[in-house]
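The values are calculated or read from the model by the stated rules, or taken from the named source; none is laboratory data. Everything quoted here is computed from the prediction, not taken from an experiment. As a convention, Cβ positions derive from the backbone with ideal geometry for all residues, glycine included, and neighbour counts pool all protein chains shown.
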Amino acid sequence: MADENILLGAVAYDAKVVPIWEGIREHFRKQSVPMDFCLFSNYERQVESLLAGHIDIAWNTPLAHVRVQKRTEGKSLSLGMRDSDRDFRSRVIVRKDAGIKSLKDLAGKTLAVGSRDSTQARILPLHFLGQQGIDLSTVRLLPFDTDVGKHGDTGTSELDVLKALHEGRAQAGTVGDLIWVLEQAAGRIDTGKLEVLWTTPGFDHCMFDALPTLSASKLELFKKGLFAMKWEIPEHRRILELEGLKQWMPPRQEGYASLRAALDDQKGW
Amino acid sequence: MGRLATVAIDGGDLPFGGGLLALVRPALNGMEPGGVLAVHSRTPAIADEFFTWCKLEHHELLESSAQTGFTRLLIQKGSLGAPRGIMEINQDLPTRAGRLDAATVLEAVPFPAKADPGTGFAPRGARVEPGGPAYPFALNDRDRTAPPDVAALYDQAVSAQWNGDTDIAWDRIKPLSPPLQQALGQIMTFLAENELSALYVPSRFIARVHPAYVEVGMFLSTQLADEARHIDVFLKRARKGGGGLGISHATTSASLHSLLMLEDFTEAAFLLSVLGEGTFLDLLRYIEVNAPDEVTADIVRRARADETRHVHFGMSHVKHALQQDPALYGRLEAAVRRRSATLAGVNGVPAAVQDALTILVARGIDPPSVRRGHETYRELLNVMHENRIKRLASAGFSHDQAQTLSDLHTPNFM
């Protein structure tokens, strides 16, 4: 690609994705970093486009990130993540009236789970429960496969899980801690009905991925532009708030090991 | 860890999303970044909730330790997003005979010399979280925006509001002779037209005043309410008792148009309130003294009391600004000259208004009365000029400056 623009791919999981990337593009251009973006309707197509060299950089969910790494035999470049992408956890939430006091009590109960491609609401919590010795064949799963292809970005399936719990259609459910805490902070959880049973170990979330063939100049320019965004600057803050972070962080890999193991176990690659 | 908390709260068994945050968030709001809050909670697994929440809010969870029967958390307040400004504490506004006026508030929380457009609609005294957008306020400094007595003027204005529907004895209006009725209709038309300009001109500036000087906006809003009421009662009076509206003259229109086009707040306060409404006071007094009935006298007396406040605000504004900026006189004179130049074709008071003011005094059309009316009208012009000079002197202009400005003022009164 002779285009001097860094072409970034992102998935349009919400209408706000357009102002986010238009804002970031404007910020990059003010930093003299030519950049443009294109939007995909799902992560699978975005990953294929990155691998085919149609885009320079992909803003990927953890699932898309580890898939890119696997497809490039570990040679892909990780460029950065949000502060909020680090140390994610999932929660097992239970109804207080369900008599579930430990993970073992989940046997015979209905467990609401999020979309099949949601790392935080399905893939990892089920993996971690298995690691805790829970035989998932004894648990009745109530899946909410909403927005498949968006890898759980929309949070819709997690809200479905919480709704099912509030309404008593499930006795237990799995959600990411972000949704759980945000919903509580907004006063939308009936703490008289629901409580946390268990919290999973930590894992990391989204990542900017590139092929190893990305030119060194584009690589440096992208980092320069990205890390120049500051919460204290009003026009930056507007974008950062929309994207759900306060600062961009350098990449780290250790937070994705559990997801790789889960995909091996669940044959989810 | 050995960290000591500066504030501690006991959350009992409140769930994280079931009340505990309502204790934790205000406690952190009251602390400076870097301050440490201790939370004791008997809610199980509470540390997990705070781990995620602190990450989201960019506080640091320094420590969580299980004690006998409770969890102790130490949270260090982060600096990202911490509100700026000094927290108000121990404010206790004094009352006077059970009343609490705006002037007392202004005394307790004075105007800042400069205001930051980035604080938006935050009330003066509130701490402001950074990162809000810059607002398009143009009047961001005290000396050009907010005279010190504006809150007291607002208090007076609020106390002096009256009702153009119920406070006027409309039933007592009797039909007048046709010439007098016609003259009154013309005068009321002219008054209402001028008051419309006095409604529109200040309204253009309210949205430009930084909310740190909200008392200016509050006062101007009373001025708008006053003008609205005046327009209402002047038009009612014209149409009560058998008459109707008169003519709107092109010269009046040109004069008022030049007021509406002003872009500078101080120039507008000067031209509208000091020169325009100041001159209007004399006109209203003239109409009151020569009113054909007590109801008409009552209407213009009430309007004049309101207008006196507007003039006072304009004078205070200009006087304060002149004290801070000696170069202002030159700008104001230039503004008056510019306006005078655009109104070069306006030769005196519009004929219909002049005649109506004459007939008002004459009460009829017999020649001796009309002669008396004409003389009284000519005296009005002198009175207006003299009083303008007095007001200008009182606003801080020298005698020569006042003479020049008064001479240049539009012959159209407003």
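All conditions in (1) of a type in the set (Gly, Ala, Ser); (2) within 14 Å of chain B (Cβ to nearest Cβ); (3) surrounded by fewer than 23 Cβ atoms within 10 Å (Cβ to Cβ) hold for A:Gly176, with the sole exception of (3).
Within 13 Å of chain A (Cβ to nearest Cβ) and modelled with pLDDT under 90: does that describe B:Pro44? It is true that B:Pro44 is within 13 Å of chain A (Cβ to nearest Cβ) and modelled with pLDDT under 90. Among the residues of the stretch B:197-210, are any over 28 Å from B:Thr252 (Cα atoms) and in a helix (DSSP H, G or I)? Within the stretch B:197-210, not a single residue is over 28 Å from B:Thr252 (Cα atoms) and in a helix (DSSP H, G or I).
Is one or more of the residues making up the stretch B:27-38 within 14 Å of chain A (Cβ to nearest Cβ) and modelled with pLDDT of 95 or more? Looking through the stretch B:27-38, none of the residues is within 14 Å of chain A (Cβ to nearest Cβ) and modelled with pLDDT of 95 or more.
Conditions tested, residue by residue: (1) surrounded by 23 or more Cβ atoms within 10 Å (Cβ to Cβ); (2) charged (D, E, K, R); (3) not assigned by TED's automatic domain parsing to the domain that holds A:Lys150.
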| site | (1), (2), (3) |
| --- | --- |
| A:Val18 | no, no, yes |
| A:Val33 | no, no, yes |
| A:Ser41 | no, no, yes |
| A:Pro62 | yes, no, yes |
| A:Leu103 | no, no, no |
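In the stretch B:346-362, the residues that are among the charged types (D, E, K, R) form Cβ pairs under 8 Å with partners that are modelled with pLDDT of 95 or more, at six or more places apart or across chains, as follows: B:Asp355/B:Ala183; B:Asp355/B:Gln186. Checked against the criterion of being assigned by TED's automatic domain parsing to the domain that holds B:Ser316, of a type outside the set (Lys, Arg) and within 30 Å of B:Asp116 (Cβ to Cβ), the stretch B:226-241 has no qualifying residue. Within the stretch B:77-133, being within 14 Å of chain A (Cβ to nearest Cβ), among the hydrophobic types (A, V, I, L, M, F, W, C) and not in a loop (DSSP other than H, G, I, E, B) holds for one residue alone: B:Val128. Residues that are under 20 Å from the mean Cα position of the chain (by Cα) and in contact (Cβ under 8 Å) with a residue 40 or more places away in the chain are absent from the stretch A:185-196.
What number of residues in the stretch B:246-289 are closer than 18 Å to B:Arg363 by Cβ, out of contact with any Lys or Arg (no Cβ under 7 Å at 6 or more places or on another chain) and either without any contact (Cβ under 8 Å) to a residue 60 or more places away in the chain or surrounded by fewer than 20 Cβ atoms within 10 Å (Cβ to Cβ) (or both)? Within the stretch B:246-289, residues that are closer than 18 Å to B:Arg363 by Cβ, out of contact with any Lys or Arg (no Cβ under 7 Å at 6 or more places or on another chain) and either without any contact (Cβ under 8 Å) to a residue 60 or more places away in the chain or surrounded by fewer than 20 Cβ atoms within 10 Å (Cβ to Cβ) (or both) number 1.
Scanning the stretch B:26-59 for residues that are in a helix (DSSP H, G or I) and over 12 Å from B:Val7 (Cα atoms) turns up B:Ile46, B:Ala47, B:Asp48, B:Glu49, B:Phe50, B:Phe51, B:Thr52, B:Trp53, B:Cys54, B:Lys55, B:Leu56, B:Glu57. Test B:Pro136 against the criterion of being under 24 Å from the mean Cα position of the chain (by Cα) and either away from chain A (no Cβ under 13 Å) or closer than 30 Å to A:Gly176 by Cα (or both), and give yes or no. Against the criterion (under 24 Å from the mean Cα position of the chain (by Cα) and either away from chain A (no Cβ under 13 Å) or closer than 30 Å to A:Gly176 by Cα (or both)), B:Pro136 qualifies. For B:Phe137, indicate whether it is surrounded by 11 or more Cβ atoms within 10 Å (Cβ to Cβ), in contact with a Phe, Trp or Tyr (Cβ under 7 Å, 6 or more places away or on another chain), assigned to a loop (DSSP other than H, G, I, E, B) and not acidic (Asp, Glu). Against the criterion (surrounded by 11 or more Cβ atoms within 10 Å (Cβ to Cβ), in contact with a Phe, Trp or Tyr (Cβ under 7 Å, 6 or more places away or on another chain), assigned to a loop (DSSP other than H, G, I, E, B) and not acidic (Asp, Glu)), B:Phe137 does not qualify. The residues of the stretch A:233-268 that are without any contact (Cβ under 8 Å) to a residue 60 or more places away in the chain and acidic (Asp, Glu), listed by number, are A:Glu241, A:Glu254, A:Asp264. Here B:Leu62 meets each of (1) on the phi > 0 side of the Ramachandran plot; (2) more than 13 Å from chain A (Cβ to nearest Cβ) with one exception, condition (1).
Here B:Val201 meets each of (1) without any contact (Cβ under 8 Å) to a residue 60 or more places away in the chain; (2) touching a helix residue (DSSP H, G or I) at 6+ places or on another chain (Cβ under 8 Å) with one exception, condition (1).
Going by the conditions given, is B:Pro147 touching a Ser or Thr at 6+ places or on another chain (Cβ under 6 Å), under 23 Å from B:Val318 (Cα atoms) and touching a residue at least 60 places away in the same chain (Cβ under 8 Å)? Taking the combined requirement at face value, the residue satisfies it.
Tell me the residue from B:Leu14, B:Leu62, B:Leu74 that is surrounded by 18 or more Cβ atoms within 10 Å (Cβ to Cβ), more than 44 Å from the chain's Cα centre (by Cα) and not in a loop (DSSP other than H, G, I, E, B), please. Break it down stepwise before answering.
Details: B:Leu14 fails: not in a loop (DSSP other than H, G, I, E, B); B:Leu62 fails: surrounded by 18 or more Cβ atoms within 10 Å (Cβ to Cβ).
None of the other options fit; the residue is B:Leu74.
Among B:Gly348, B:Gly314, which is the only one that is surrounded by fewer than 20 Cβ atoms within 10 Å (Cβ to Cβ) and among the small types (Gly, Ala, Ser)?
Criteria check complete, one pass: B:Gly348.
The set of residues in the stretch B:221-244 being within 16 Å of the chain's Cα centre (by Cα) and crowded, with 24+ Cβ neighbours inside 10 Å consists of B:Gln223, B:Asp226, B:Glu227.
Just one of the numbered conditions (1) out of contact with any Phe, Trp or Tyr (no Cβ under 8 Å at 6 or more places or on another chain); (2) under 26 Å from A:Phe203 (Cβ atoms); (3) charged (D, E, K, R); (4) in contact (Cβ under 8 Å) with a residue 12 or more places away in the chain is not true of A:Glu48: (4). None of A:Asp177, A:Asp153 is outside the structural domain of A:Asn60 (by TED's automatic domain parsing), touching a Phe, Trp or Tyr at 6+ places or on another chain (Cβ under 6 Å), under 17 Å from A:Asp204 (Cα atoms) and in contact (Cβ under 8 Å) with a residue 12 or more places away in the chain except A:Asp153. When residues in the stretch A:158-206 are screened for being aliphatic (A, V, I, L, M) and either assigned to a loop (DSSP other than H, G, I, E, B) or over 26 Å from A:Gly99 (Cβ atoms) (or both), 6 of them pass.
Within the stretch A:218-232, residues that are within 14 Å of chain B (Cβ to nearest Cβ) have Cβ atoms under 7 Å from residues that are part of a helix (DSSP H, G or I) in these pairs: A:Met229/A:His27; A:Met229/A:His236; A:Met229/A:Leu240; A:Lys230/A:His236; A:Trp231/A:Arg237; A:Trp231/A:Leu240, counting only partners at least 6 apart in sequence or on another chain.
Filtering the stretch A:198-256 to residues that are among the basic types (Lys, Arg) and over 14 Å from A:His27 (Cα atoms) leaves A:Lys218, A:Lys246, A:Arg252.
For the residues A:Pro250, A:Pro212, the requirement of being surrounded by fewer than 15 Cβ atoms within 10 Å (Cβ to Cβ), in the same structural domain as A:Ser32 (by TED's automatic domain parsing) and within 17 Å of A:Asp87 (Cβ to Cβ) singles out A:Pro250. When the criteria are applied in full, B:Arg42 meets the requirement of being surrounded by fewer than 19 Cβ atoms within 10 Å (Cβ to Cβ) and either more than 29 Å from the chain's Cα centre (by Cα) or over 24 Å from B:Gly131 (Cβ atoms) (or both).
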